[in-house]
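Every number here is computed from the coordinates shown, using simple stated rules; none is lab data. These numbers come from a predicted model, not from an experiment. Cβ placement follows ideal geometry from the backbone for every residue including glycine, while neighbour counts extend to all protein chains displayed.
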Amino acid sequence: MTETIAHIAIASPVDRLFDYLVPPQMLEYLSPGIRVSVSFGHRTVCGIVVSLSQESSLPLEKLATIQGVLDTEPTIDSAILNLCQWLARYYQAPLGEALMLAVPNKLRTPEPAYTESTFWRIVKTIEIKATKKQQWVLEQLKDGPVSESALTESASKAILKRLETLGVIESFKQITETSSPNIKAVQVQAAPHPLNFAQSQALETIAYDGHRTYLLEGITGSGKTEVYLQSIAEVIKRGKQALVLVPEIGLTPQTLKRFEQRFGQCISLLHSQMTPNQRLQQWQTAKHNAIIIGTRSAIFTPIPKLGLIIVDEEHDASYKQAEGIYYHARDLAIIRASQANIPIILGSATPSLESIFNLEHKDYVHLPLTERATASSLPETRIIEGQDHDISPEIRQAIAGTLDNGYQVLVFINRRGFAPTLLCTQCQWMSECTRCDSRMTLHRNPPKLQCHYCDYQQAPPSQCPQCHSHQLQPMGQGTQKSELMLESEFPHTPVIRIDRDNTRNKGQLDEALNKVNQGEPCILVGTQMLAKGHHFAKVNLVVILGADNGLFSTDFRGSERMGQQLTQVAGRAGRESHHGQVLIQSQFCDHPLLIELTQQGYASFARKLLEARRQSDMPPFTHIAMIRADAKQASICEQFLRAVRAEAESLMPASVHMSYLGPMAQQMGRRNHRYFYYLQIKSHSRQQRQQLLQQLRPFMNRYSRRQGLRWHIDVDPIENS
């Protein structure tokens, strides 16, 4: 008899499948995507069957045998298996690690996904002198098997065992199925909103019977969400499901509320703050819910009748995974839509330069929304000269006037804490982290110095550690300092601060937002948590502090991010009928990028940046990969990356179309006692770059994992250092 071999993916840095023998009794239960328990080294682990065959590269006598089957149906369906295989190839990762991204934590262990229940049935009918309880049991079983749990509600296990001893009944195990294959019926809760001309044009353009990528570029307040809702309604009408990706957990509750108001409870919600049990439950219900809403990893959810994917705020950096496999969820969503032959909508008021580039070079369909959906107009934007450590008198006056008129003010500063650093004015000592190349941020309530990279904390010194002077001065401005200044300036007005420090606990963010949404005059102070997605009906003035940080960034994407952030924050102003105002405080009022953004708008600003990218030969006109390494000694990183560069140049010499940069220390070169370096590979050909990376991986696998060295490949990085 020919042996059957299962080719199994296991979460391991070893980049190959592992072959196991299939016991004959398991063969009928195995198919691609099924989880199995197997021995791996000295452990029993969970593996995923990728394929079955009668061939192995190893002698059969060297193969271990599968220990158990963990699923009754594939945990990974064919669509997700195809997606993960593409991900592993493109992002240069082992398939086993890629597949585990698609499996909830509760299913990554070698434990069955199903439950086995004990049932009892009659074996043969014989005359016995039965007690009343025994007669009751036999009466229950006469029409077929009954679960032990149902029988033991009225009869003890001892009675069942006695009947079994007499040869009348027997027990057996049966798998309890929990999933439903049918999509839940949708009960519309609220009527759709009337559309303006641009929204109607966008909806009429979308085709649902094939794959196209649509870029829904809508200014803030233009009604992108209503286009999402009505396109989803069309998909549901066709008996299909929709997947909606949002960039951050903070946006999921308000998105869920909008969707529930329209579609009721037929929604699965997936994000990282759920418990493992909650996430598994939502992952399972996604098979039969009409709408699935989630953050980055929701792209791996099995959705049997997927008919549409929506990526909200497609430009957001949160879609890029920052550990393990460095995938980009937006780009994976486009691949999944292509493989499923369905449409995908990328929505943003500030599209990424890649998506704007693809309008011309990749046949994306442009859906522009250039007017606000309400009666309000876009806010007036002005640049006000001011220093980083204070709020200018002109802005203070504007805040007072807005509050006097009964409106609200949003003050945006993208720095947590009280001040970015503590300075000794005598000897110029600064509070620096001993573990990282960063300064310690000063916090109040409770008072502490905290590193925002490694989270190291210490009490603020009462005197300078270097010269023992007591002249220690907070430098710069954070949300806590802004809050204190505004409370002092406007003592009769509530000042509501929203940042990561005071919204960690469940319900804190909702409580703060509820206060704002009551509509009473107040000042809202916060970080990028407030930059997008929120609709504050009474905010009439937006003040942006610390706007200069992106103007001189060493990252080639710094200006793009600055423009996106300022535009998104500015969009919170005047979203109802009143006319809004945006004041940007800057020390560089005549900077050409600021002037372009505020006077010509984001679309013109982005196209200027694209031209600069073309001239400097940077993405999206070229294709970059970073090989990043970290170790406790800088020399270990440098030695490794120099060897990798030498190997790369021997495979593909540097030329006009292929270039290498590094090894170089990252901008934050030391974090938590480890040194971080990178080697940049840049090519005009994506295919050539991928081919080189594929050839380099075996070399790096042989060389590394020594002396505490860690490395990873970052394909299409969103940071250039």
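Across the Cα atoms of segment 485-542, what radius of gyration and what greatest pairwise Cα-Cα distance (Dmax) are found, in Å?
Rg then Dmax for segment 485-542, in Å: 11.4, 31.
In segment 1-92, if every C-alpha pair distance is counted and binned at 5 Å from zero, what percent goes to each bin?
Pair shares across the bins are 3, 13, 26, 26, 19, 10, 3, 0, 0.
How large is the helix-only mean residue ellipticity at 222 nm for the chain, computed as the sum of -39500 (n - 2.57) over DSSP H runs with n ≥ 4, divided by its residue count, in deg cm²/dmol to the nearest 500? Present the calculation step by step, with values, prior to reporting the outcome.
Details: 19 runs with 215 residues, N = 721.
The per-residue figure over the chain is -9000 deg cm²/dmol.
Mind putting together the pair-distance distribution for segment 395-436? All Cα pairs, 5 Å bins, whole percent per bin, short to long.
5, 15, 15, 13, 13, 10, 10, 9, 8, 2
Could you check the spin-label model distance between residue 64 and residue 172? Points 7 Å from the Cα along Cα→Cβ, value in nm.
3.2 nm
If the cut-off is a Cα-Cα distance under 13 Å, which aspartates and glutamates reach residue 173, setting aside same-chain residues fewer than 8 apart in sequence?
Hits, sequence-local ones excluded: 116, 148.
As an exercise, find the ratio Rg/Rh for segment 573-642 from alpha-carbon atoms, using the Kirkwood inverse-distance average for Rh.
1.25
What's log10 of I(q)/I(0) for the chain at q = 0.07 Å⁻¹, Debye sum over Cα points only, no solvent?
Scattering profile of the chain, log10 relative to I(0): -0.61.
Would you please give the residues with an amide H less than 5 Å from that of residue 315, counting only those at least 5 places away or on a separate chain, with H modeled from the backbone geometry?
Result for residue 315 returns 352.
Where the convex hull is taken over the Cα atoms of segment 598-721, what is its projected area averaged over directions, in nm²?
8.8 nm²
Given H placed 1.01 Å from N in the peptide plane, which residues other than close sequence neighbours of residue 365 have an amide H under 5 Å from its amide H?
So residue 365 has HN proximity to 213, 214, 215.
Please compute one quarter of the surface area of the Cα convex hull for segment 322-394 and express it in square nanometres.
Working: hull surface 39.5 nm².
Directional mean of the projected Cα hull area for segment 322-394 stands at 9.9 nm².
Sort 584-593, 437-446, 224-233 by the packing proxy (mean of other Cβ within 10 Å over each peptide's residues), most packed first. Walk me through the numbers on the way to the answer.
Details: 584-593: 16.4, 437-446: 18.1, 224-233: 22.0.
Order by mean packing, descending: 224-233, 437-446, 584-593.
Taking H as built 1.01 Å from N, whose amide H comes closer than 5 Å to the amide H of residue 169, not counting residues under 5 places away?
123, 164
With the contact rule set at Cα under 8 Å and sequence spacing of 6 or more, what percent relative contact order holds for the chain?
For the chain, the relative contact order is 11 percent.
For segment 297-421, what relative contact order do you get, as a whole percent, if you take Cα pairs closer than 8 Å and at least 6 residues apart? Display every interim value, and only then the final one.
Values: 75 pairs, mean separation 23.7, N = 125.
RCO, segment 297-421: 19 percent.
When the Kirkwood radius is taken over all Cα pairs of segment 606-662, what Stokes-Einstein diffusion coefficient follows at 20 °C and 1.002 mPa s, in µm²/s?
Estimated diffusion coefficient is 160 µm²/s.
Can you tell me the relative contact order of segment 515-637? Whole percent, Cα pairs under 8 Å, sequence separation 6 or more.
In percent, rounded to a whole number, it is 23.
For segment 57-64, just list the computed ³J(HN,Hα) in residue order, Karplus coefficients 6.51, -1.76 and 1.60, θ = phi - 60°, integers in Hz, with x standing in for Gly and Pro.
6, 10, x, 4, 5, 8, 8, 7
Show me, for segment 406-418, the HN-Hα J-couplings you get by feeding each phi into the Karplus relation (A = 6.51, B = -1.76, C = 1.60, θ = phi - 60°), rounded to Hz, glycine and proline as x.
Rounded to whole hertz, the list is x, 9, 10, 10, 10, 10, 9, 9, 8, 9, 6, x, 8.
For residue 473, project a label point 7 Å along Cα to C-beta. Then give me every residue of segment 431-445 with its amide nitrogen under 15 Å of that point.
Label zone hits: 431.
Take the Cα atoms of segment 338-486, find their three principal axes, and give me the spread along each one in whole Å, biggest first.
66, 48, 26
Tell me, what ³J(HN,Hα) does each residue in segment 534-541 have, in order and in whole Hz, if you take phi through Karplus 6.51 cos²θ - 1.76 cosθ + 1.60 with θ = phi - 60° and put x for Gly and Pro?
8, 10, 9, 5, 9, 6, 10, 10
Starting from the Cα of residue 538, draw a straight line to each of the aspartates and glutamates and keep only those under 15 Å, dropping any in the same chain fewer than 8 residues away.
Within the straight-line cut-off, residue 538 pairs with 404, 520, 576.
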